[in-house]
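Heads up: the structure comes next, in structure tokens.
The values are calculated or read from the model by the stated rules, or taken from the named source; none is laboratory data. Treat the numbers as computed from the prediction; the structure is a model and nothing was measured. Every residue, glycine as well, gets a Cβ built from its backbone with ideal geometry; the counts of neighbours run over all protein chains shown. Accessible surface is based on the protein model in full, side chains and every heavy atom, while ligands, DNA and RNA are left aside. Shrake-Rupley method; radii C 1.70, N 1.55, O 1.52, S 1.80 Å.
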Amino acid sequence: PDMELDVVAICCEYSEGDDEAIAADYSIDLSECEDDDEKHEAVREYLEHNTSIVGEISGGFVYAQF
């Protein structure tokens, strides 16, 4: 079957951000994290619990917005 690529829908459904930006957008408390690795893991756990992670970028994630 023919399918049409809807780039606008993809842009609206998914987002990309670094750990700090995602934490700010979703009010994730990173104050008890001792280093960047702990912050990254805290953001990963939050996203895994609340949405789907599509991929990982340097210092952040591509994920389905929620």
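Details
- Within segment 1-21, residues that are among the small types (Gly, Ala, Ser) reach partners that are open to solvent by 100 Å² or more (accessible area, probe 1.4 Å) with beta carbons closer than 9 Å, at six or more positions or on different chains, in the pairs Ser15/Asp25; Gly17/Asp25.
- Filtered by the rule that a residue be open to solvent by 30 Å² or more (accessible area, probe 1.4 Å) and either modelled with pLDDT under 95 or assigned to a strand (DSSP E or B) (or both), segment 16-30 gives Glu16, Asp18.
- Among residues of segment 31-66 being part of a strand (DSSP E or B), touching a Phe, Trp or Tyr at 6+ places or on another chain (Cβ under 9 Å) and in contact (Cβ under 8 Å) with a residue 12 or more places away in the chain, the one that is farthest from Ser15 (Cα to Cα) is Val54.
- Segment 2-15 - residue that is part of a loop (DSSP other than H, G, I, E, B) and open to solvent by 90 Å² or more (accessible area, probe 1.4 Å) and, of those, farthest from Tyr63 (Cα to Cα): Asp2
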